[in-house]
1. What's the magnitude of the charge dipole for the chain around its Cα centre, counting Lys and Arg as +1 and Asp and Glu as -1 at the beta-carbon? Answer in Debye, nearest 20.
2. List the lysines whose Cα sits under 30 Å from the Cα of Lys11, skipping any in the same chain fewer than 8 residues away.
3. Where does the charge balance sit around Ile200 when Lys and Arg score +1, Asp and Glu -1, over other residues with C-beta under 11 Å from its C-beta?
4. Within the stretch 38-57, which residues have the backbone N less than 18 Å from the label spot 7 Å out from Tyr63 along Cα→beta-carbon, could you tell me?
5. Taking θ as phi - 60°, what are the ³J(HN,Hα) couplings along the stretch 210-227 by the Karplus curve (6.51, -1.76, 1.60), each to the nearest whole Hz, with x for Gly and Pro?
6. Just tell me, in residue order, which DSSP H segments of the chain are both 27 angstrom or longer along the helix axis (alpha-carbon based) and at least -1.0 in mean Kyte-Doolittle hydropathy.
7. Which shape class applies to the stretch 105-213: rounded if a/c is under 1.5, otherwise prolate when a/b exceeds b/c and oblate if not, where a ≥ b ≥ c are the square roots of the Cα gyration tensor eigenvalues?
8. Find which of Ser114, Val161, Thr238 sits farthest along the positive direction of the dipole of the chain, computed with +1 on the beta-carbon of Lys and Arg, -1 on that of Asp and Glu, about the Cα centre.
Amino acid sequence: MIELKTPEEIKKMRAGNLIVAEILSRIQEEAKPGVTTADLERLAEKLLAKKRAVSAFKNYQGYPSTLCTSVNEGVIHGIPSKRVLKEGDILSVDFGVFYRGYYGDAAISIPIGSVSDEAQRLLDTAEEALYQAIDKARVGNRLSDISAAIQSYVEQRGFSVVRDFVGHGIGRKLHEEPQIPNFGPPGMGVRLKAGMVLAIEPMINAGKSEVTILSDGWSAVTKDRSLSAHFEHSVAITENGPFILSKP
Ligand code: MF3
Ligand code: CO
């Protein structure tokens, strides 16, 4: 069952998601050549400690960190480490909090210094795919209109969409119904209603769509080791259109 949220609940979720957005933007500022992903994890923990919020990911099904930091061929769930970021890398950072009884969740992909034209195009495509999808998050549309918008935009630009991970409903739990694939035909699935809150999260690859999990049991990387990018927002569906909770 899809849990519909009241306007009061959406207000609380807005507050948590603004914390997510603020900390992600600080991480974006600090993500430069020479910095390690563990440095970014420490920064996130330090900033989070000043808030009345806790990490949504740390200890979730045994996940060890507050951030997911996925570099280059990293798709999602990369564990912060001593890896030093270098000029030309791309870094996906996924971050969520639990605040006032509700979860917030968002992700960005960041160019480290100056990156290749292909890498920049991949980042731009992933971000724009997210916004194309959010524009479908409207009362009366169907769930798969969101999925189809992502797939068609991404494939039109010559990239592929990851199949093995999906977006999700979010609220009192990090992962609620419905699952939101980033691919599929339009016009299918449930009709979207005011009060649904969806974490929409396209993961796209420069090469093929297949992913593999590394021996740490978490890090998902592209099977062909091509570059990957990920953007995510938590979005409330309202009578007045999509409300991007994780965008200031
Ligand atoms: N944004 C991802 C998700 O919604 C992050 C989960 S990381 C985990 O599934 F560690 F918590 F699994
Ligand atoms: Co998510």
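Read-outs: derived from the displayed coordinates by stated rules, not from any lab. Predicted model, so just to flag it, every value in this text is computed and none were measured. No Cβ is skipped: glycine too gets one built from the backbone with ideal geometry, and neighbour counts run over all protein chains shown.
1. 760
2. List returned: Lys46, Lys50, Lys51, Lys58, Lys136, Lys173, Lys193, Lys247.
3. So the environment of Ile200 carries a net charge of -3.
4. Flagged as within label range: 38-49, 53-57.
5. 5, 10, 10, 9, 6, 5, 6, x, 10, 4, 9, 10, 5, 4, 8, 6, 6, 5
6. Membrane-span-like by this rule: 7-30.
7. It is prolate, given that a/c is not under 1.5 and a/b is the larger ratio.
8. Final value for the positive-end residue is Thr238.
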